[in-house]
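Below is one structure, written out as structure tokens, with a few remarks after it.
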There are 2 protein chains.
Amino acid sequence: MDRDEYLERLGATTEEAADLFEHFEERSAAGRTHHVLTATRHGVERGTVIVEESDVVVRGYPSVPRILVLDPGIPSFFEANETVAIEEKLDGFNVRIAAVGAGSGKPLAFTRSGYVCPFTTARAHERLPLEEFFSSHPETVLCTELIGPETPYTTHDYEGVDTHEFRVIDIRDRESGAPLSVADRRSRCEEYGFGQPRHFGRTEPSTARETVEETIDELDAAGREGVVLKSADGQSMVKYTTESQHHEELAYAFSLPFDHGRDFVFSRIVRDAFQAAELDGTDARLRARAHALGESILEPMVSTIRDVADGETVGERHTVRGDPDSIDALLEHLREQSLTLEFEADRREDDERVVEFVKVAESSRDRIRYYLDGGTRDE
Amino acid sequence: MDRDEYLERLGATTEEAADLFEHFEERSAAGRTHHVLTATRHGVERGTVIVEESDVVVRGYPSVPRILVLDPGIPSFFEANETVAIEEKLDGFNVRIAAVGAGSGKPLAFTRSGYVCPFTTARAHERLPLEEFFSSHPETVLCTELIGPETPYTTHDYEGVDTHEFRVIDIRDRESGAPLSVADRRSRCEEYGFGQPRHFGRTEPSTARETVEETIDELDAAGREGVVLKSADGQSMVKYTTESQHHEELAYAFSLPFDHGRDFVFSRIVRDAFQAAELDGTDARLRARAHALGESILEPMVSTIRDVADGETVGERHTVRGDPDSIDALLEHLREQSLTLEFEADRREDDERVVEFVKVAESSRDRIRYYLDGGTRDE
């Protein structure tokens, strides 16, 4: 591999190829070698994949910064003369879909960290007209969220989504990462019948706060995640989330406290506290949020402690549905990532296999067991 | 300094003096050089001080492990045939007092990390008959908690303590750290008129739970910290704390979220959740704890965010009272530790100087300011 050439094509902020390529890992997928960047480095996104054999680069999806207050968060993030599009942020699994086989070979679905997920790839081919899209736009990457109650990664319920669906959140040049404008992306998605996140309108930065606050109220009441604000050209984006999302994430984290609690807790509290300071107009409103926050932390953790005491399996429960081959490939893929799986159901419905399984949360299970047996904590 | 000799006297678990002594730091105090261990290493406690000039070693106070459940926490920690003493754990500042001047020179008060605190030293000489005690027991260390609303380190209120007082929690051999038995320590404290933590009785490990649970209920209702359980010989000790203490510590941490929030939050939630799982018999009791937990996290943080928005100083407020010289020395001591102080009051009451000051929480002030100005968070 000519590292210097790829270094230049990636536009890395270092001139030493080794500085960047020491963070790449080799993986085999779909019969080819993928070189995958395992962490954001030198201006190149985590999950960036180089497929040397077909000379294809698929850039990682950029990290989206977050504002903690709407005002002056929005006007200070965007240029004063920009138009800002307000779109829904979905609680799903970020998946990039690209045709990396140099014209031949099926498009693949890449996770945020650059793994090819065989299940998601199969589902994408079922649900989206990929051949048609990539024959016209071979050098783009479809950036999507896989949402719904039946995915191997997330389980958030969306009204009208019974199993799982894709929503296209961005269409980008796969190598440079340059996005289509919001308007062009939305019309191209319509052209191909791709599902999209809801669009709540356009606004000037200086007057965005009111619209965003109303949108957030509406999404919060429906238990939905939040919004992404984008400049009309698609280049700048920033996110802002709902109280119900903060609490839902804490409830998830504290249902598996020694796997996720420590990493999740502080950042979600910070989001909630700044939102409260800006938007909770009364002491009663603040008190209600505090109570919901406390419930989201304590009750799932106590429930899990009691489950461990009762000898029950603790972990993330998922249901997946699809053709038997891709379910097999998924389970193998998850095991390769050192996950311990326990199966709770496995059945056929028409031509599909439906599997219910638990990703066992071994750290939580073992630490809770240790403390319940009287183990001490040194602090 | 003959490091090998001190290595042996300290009973370190390494045979290489350099392994231990690379963690020592030289400080000057009371006209002598103190060699201070800055972290627990090789079986030697953090805050251990060697005063080479007078050939004195003062061992650090040991870290006290914590149980998260009473049953089987207590019976699995102690031997079945041991008697367990239940004493109150106080929310104060752990200070060791020792005569390190080889007979001459005043006894000094050492903080947990081995600093000599001039203010605490002066207060200890006022409040405790140190000359009398150390002339009879020169090779011991008095392990104390400095409690009360007027100390430069903690501010927890105790009924009947108007300013600050010492409670002797242990008397140990200063070099080996070997403690007096609980009974001998309590009678020796009585002999010298030293204040002591409350003693709630003795019990067998197998039947301790009931007494400890009742004691914890009583302490919790009074807003006090918890208990330390000690084997009768004083060798083994373990702690357990109240719900009100968990929440009070969270309220403190989240009043200064970017100084203490991240470090404090997870461990206090863990304590509260295991206590809830064992002791909260009803859903209503658990729900009430969850609400109190949420209030302790969210409301102080929102209050601090609003204070920063209003341009008010945020930090730990303390009042100290004492002779003018030791107040001067204290303020210099705090500044040497890179604390930024702001003064809110400074007056004379009789012969004493009374100073109210704030240890400015610069990280919280600056991070909150940044986010309130619209700064983004990359996660």
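The values are calculated or read from the model by the stated rules, or taken from the named source; none is laboratory data. Everything numeric in this text was worked out from a predicted model, so none of it was measured. Positions of Cβ are backbone-derived with ideal geometry, glycine not excepted, and every protein chain shown enters the neighbour counts. Surface areas here come from the heavy atoms of the whole protein model, side chains and all, with no ligands, DNA or RNA. Shrake-Rupley method; radii C 1.70, N 1.55, O 1.52, S 1.80 Å.
When the accessible area of each residue in region B:62-80 is compared between its chain alone and the complete protein assembly (1.4 Å probe; ligands, DNA and RNA ignored), which residues differ by at least 30 Å², being lower in the assembly?
The answer is B:Ser63, B:Pro65, B:Arg66, B:Leu68, B:Val69, B:Pro72.
How much of the accessible area of chain A, in percent, comes from carbon and sulfur atoms when a 1.4 Å probe is used?
Of all accessible area on chain A, carbon and sulfur atoms account for 41 percent.
Excluding residues on the same chain fewer than 8 positions from B:Lys239, give the lysines whose Cα lies under 25 Å from its Cα.
B:Lys89, B:Lys230
Rounded to two decimals, what is Rg over Rh for the protein assembly as shown when you use alpha-carbon atoms and the Kirkwood radius?
Result for the protein assembly as shown is an Rg/Rh of 1.03.
What's the magnitude of the charge dipole for region B:47-148 around its Cα centre, counting Lys and Arg as +1 and Asp and Glu as -1 at the beta-carbon? Answer in Debye, nearest 20.
Charge dipole of region B:47-148: 320 debye, to the nearest 20.
Given a 1.4 Å probe, how much area per residue of chain A is accessible, in Å²?
Ligands and nucleic acids excluded, the figure is 41 Å² per residue.
Between region A:175-200 and region B:207-240, what is the C-alpha centre distance in whole Å?
Cα centres, region A:175-200 to region B:207-240: 62 Å.
What residues in region B:355-379 lose 30 Å² or more of accessible surface when the other protein chains are added to their chain alone (1.4 Å probe)?
When all protein chains are present, B:Tyr371, B:Leu372, B:Gly374, B:Thr376, B:Arg377, B:Asp378, B:Glu379 each give up 30 Å² or more of accessible surface.
Evaluate the distance, in nm, between pseudo-label points positioned 7 Å from the Cα of B:Arg198 and of A:Tyr370 along their respective Cα→Cβ axes.
It is 3.4 nm.
With respect to the symmetry axis carrying chain A onto chain B, which residue of chain A exhibits the smallest Cβ distance to that axis, and what is the value in whole Å?
Checking which Cβ lies nearest the axis yields A:Gly294, 1.
Round to a whole angstrom and tell me the spacing of the C-alpha centers of region A:307-379 and region B:344-379.
Value for the Cα centre distance between the two parts: 47 Å.
Local charge sum around A:Asp325 (other residues, Cβ-Cβ under 13 Å, Lys/Arg +1, Asp/Glu -1)?
-4
Choose one answer from A:Glu191, A:Glu243, A:Glu342: the residue with the largest mean-square fluctuation in a GNM of chain A with alpha-carbon springs under 10 Å.
Between A:Glu191, A:Glu243, A:Glu342, it is A:Glu191 that shows the largest mean-square fluctuation.
In Å² (nearest 100), what accessible area is buried between B and A, both sides summed, heavy protein atoms only, 1.4 Å probe?
That pair hides around 4600 Å² of surface in total.
Can you list the copy-to-copy distances for A:Pro138, using a point 7 angstrom from Cα toward Cβ, in nanometres, shortest first?
Output for A:Pro138: 9.2 nm, nearest copy listed first.
I need the fraction of alpha carbon pairs in chain B separated by more than 29 Å, rounded to a whole percent.
49
Run the helix sum for chain B: -39,500 (n - 2.57) per DSSP H stretch of 4+ residues, divided by residue count, reported at 222 nm to the nearest 500 deg cm²/dmol.
After summing the helix terms and dividing by the residues of chain B, the value is -11500 deg cm²/dmol.
Rounded to the nearest 20 Debye, what is the dipole magnitude of region A:1-72 about its Cα centre when Lys and Arg each give +1 and Asp and Glu each give -1 at the C-beta?
Result for region A:1-72 is approximately 460 debye, rounded to the nearest 20.
Under 1.5 on a/c is rounded, so check that first for region B:119-272, then, if it is not, pick prolate when a/b is larger than b/c and oblate when it is not; a ≥ b ≥ c are the square roots of the alpha carbon gyration tensor eigenvalues.
Oblate.
Which whole-number percent of Cα pairs in region A:198-269 have a distance greater than 21 Å?
Beyond 21 Å sits 38 percent of the P(r) for region A:198-269.
Could you work out how far the C-alpha centroid of region A:6-85 sits from that of region B:115-136, in angstrom?
61
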